[in-house]
Amino acid sequence: MLTVLLVDDDTEFTEVACTIIEFLGHEVLTAATLAEARDWLEKETFDHVLLDFMLPDGSGAHLFNELDALPKRPRITLITGHPSVKGVIKGLCGPNIDYLVKPIQREEIEAVLSGKPKEHAHEKETIEKHFDLLIGESPIMKELYKLISRVSKTSANVMLLGESGVGKEVVAAAIHRASESEGPYIATNCGAFSKELIGSELFGHEKGAFTGAVGRKEGVFEQAEGGTLFLDEITEMPIDMQPNLLRVLENKVVIRVGGTKTIPVNCRVVSATNRTMEEIAQSKVLREDIYFRLAVFPITIPALRERKEDIPLLAKTFIDEFNKDNGANFKWKEGQLDTLQAYDWPGNVRELRHFVHRAAIMSDPEQSDIELPKTIESPFAQKQSTTPALQAGRTIEDVEKELIYATLEKVNGNKTMAADMLGISTKTLYNRLHAYGDLSKED
């Protein structure tokens, strides 16, 4: 049995964590501030200290020297509220400290208290592919899975919204698979065809309808009969072609180019765009009546930076795919996964997959270690270093302040969301901002 000191000002988390630790057969004492933690350290001897990085009266890292000076130095696990925070403070605090990112599962607490290497847990880890396609266990992805399950039970048309690279086509395929429809899944890109050919692609054509039409062709609506039609980049469709699409959506019949016969069609239409709803409305790239026909059930797919806890799962999946295709045996180190989590991935899952494969190609095929490039280079975004942005001489307070302001910027100044992301109480966040002189009278 271990004696554990849990130092965290989040009462809800503390209550849950204490229950888990006691269930595992250990004794646990709690402190909500550095002062309370110091009092316990004078009275008791601890085997393990679970320590929040941000506390009401300072950073948990300020306890490190005092813990090192104890006759029996306890093991230390630093608790953070967000994967990107973990990546920065790991570079600051060193490799001899364990890390946990909220929300924390029982298995994670059990692993750090038992001292088992995390790599062993990873070897046994089975990564679930939801609908045999989608990877991620973050709350925002679980909400996405729920939406997919619900809409798949209907015949409603779906519009997928999200940045480039988030996996809109994979989500469309997941909707088709979950619907268990008997028809096929057909995908086409509305931005890939000229104005002259898009009608033929969507609705088909009769022989001789235009120069080069040497035979009859079924359009994608006919091809997707009884199944799902995925129209990618729907907002790139020429505006003068959209009335023809509207007629098909309303009447469920097509007329091939050069033909006169109406052909009944029956398929779910899943469309996708990398524009936001506001951009669609303001730029007028999509007729309003078309929008309401296509977006009966709109779904926004999160950017990868909004679900950073899923990055290790994706990175492991991509390296496993590379190993299988190339007869390699590459494995991630824990610190490398932290580095990947610290990056924002403006190109989302597509960029992460490209980077993983590039890193594997650059690594020694005779070894299992992966060599990460010094920078993650993207021609479409400002370069970000794969090394945490730490400089010699910076104080813990400087790093803490930077993390707070970066998080506030990410959530557009919402202090409740920022506190939740950082894994601290709202009161602690307000105390910090007050100390920085950054609270208005209204706050």
Item to check | Residues that are closer than 28 Å to Asn274 by Cβ and part of a loop (DSSP other than H, G, I, E, B), drawn from the range 204-233 | outcome: Gly219, Ala224, Gly227, Glu233
Checklist outcome for this item: Log entry, pairs with first residue in the range 157-185 being closer than 22 Å to Arg350 by Cα, second being among the charged types (D, E, K, R) and assigned to a loop (DSSP other than H, G, I, E, B), beta carbons closer than 9 Å, six or more apart or on different chains, reads Leu161/Arg275; Ala174/Asp132; Arg177/Asp132
Checklist entry - Failed condition for Ala111, given (1) more than 24 Å from Asp310 (Cβ to Cβ); (2) in a helix (DSSP H, G or I); (3) at pLDDT 80 or above, with all others met? => result (1)
Item to check | In the range 396-443, residue surrounded by the most Cβ atoms within 10 Å (Cβ to Cβ) [restricted to those that are among the basic types (Lys, Arg) and modelled with pLDDT of 75 or more] | outcome: Arg432
Checklist entry - Looking at Glu250, is it over 22 Å from Arg287 (Cα atoms), assigned by TED's automatic domain parsing to the domain that holds Lys195 and in contact (Cβ under 8 Å) with a residue 40 or more places away in the chain? => result no
Next on the checklist: Any residue at all in the range 305-318 that's loosely packed, with under 14 Cβ neighbours inside 10 Å and either touching a residue at least 40 places away in the same chain (Cβ under 8 Å) or of a type in the set (A, V, I, L, M) (or both)?
Outcome noted: no
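Per-residue answers, yes or no, for (1) assigned to a strand (DSSP E or B); (2) at pLDDT 90 or above; (3) farther than 30 Å from His176 by Cβ; (4) hydroxyl-bearing (Ser, Thr, Tyr):
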site	(1), (2), (3), (4)
Phe46	no, yes, yes, no
Leu50	yes, yes, yes, no
Leu63	no, no, yes, no
Lys72	no, no, yes, no
Gly87	no, no, yes, no
His120	no, no, yes, no
Met141	no, yes, no, no
Checklist entry - Is at least one residue of the range 252-267 in a loop (DSSP other than H, G, I, E, B), touching a helix residue (DSSP H, G or I) at 6+ places or on another chain (Cβ under 7 Å), among the aliphatic types (A, V, I, L, M) and on the phi < 0 side of the Ramachandran plot? => result yes
Checklist entry - Between a first residue in the range 22-50 that is in the same structural domain as Asp10 (by TED's automatic domain parsing) and closer than 14 Å to Asp8 by Cβ and a second residue that is of a type in the set (Phe, Trp, Tyr) and not in a helix (DSSP H, G or I), which pairs have beta carbons less than 8 Å apart while being 6 or more apart in sequence or on different chains? => result Leu29/Phe46; Trp40/Phe46
Next on the checklist: Can you tell me how many residues within the range 361-376 are modelled with pLDDT of 85 or more and not in a loop (DSSP other than H, G, I, E, B)?
Outcome noted: 3
Next on the checklist: Can you list residue pairs whose Cβ atoms sit under 9 Å apart, with the first residue in the range 322-341 being within 19 Å of Tyr99 (Cβ to Cβ) and the second being polar (S, T, N, Q)? Count only pairs 6 or more apart in sequence or on different chains.
Outcome noted: Gln336/Thr386; Thr339/Thr386; Thr339/Thr387; Leu340/Thr386; Gln341/Ser84
Checklist entry - Within the range 198-216, is there a residue that is in the same structural domain as Val270 (by TED's automatic domain parsing), among the aromatic types (Phe, Trp, Tyr) and over 36 Å from the mean Cα position of the chain (by Cα)? => result yes
Checklist entry - Among the candidates Val158, Val220, Val166, Val170, which residue alone is at pLDDT below 95 and in the same structural domain as Ile263 (by TED's automatic domain parsing)? => result Val220
Checklist outcome for this item: Trp345 passes all but one of the listed conditions (1) part of a helix (DSSP H, G or I); (2) farther than 27 Å from Val220 by Cα; the exception is number (1)
Checklist entry - Looking at the range 12-29, which of the residues that are touching a strand residue (DSSP E or B) at 6+ places or on another chain (Cβ under 7 Å) and surrounded by fewer than 19 Cβ atoms within 10 Å (Cβ to Cβ) is nearest to Ile104 (Cα to Cα)? => result Cys18
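The values are calculated or read from the model by the stated rules, or taken from the named source; none is laboratory data. A quick note: this is a predicted structure, and the numbers were derived from the prediction, not measured. With ideal geometry, Cβ positions are generated from the backbone for all residues, glycine too; neighbour counts draw on all protein chains shown.
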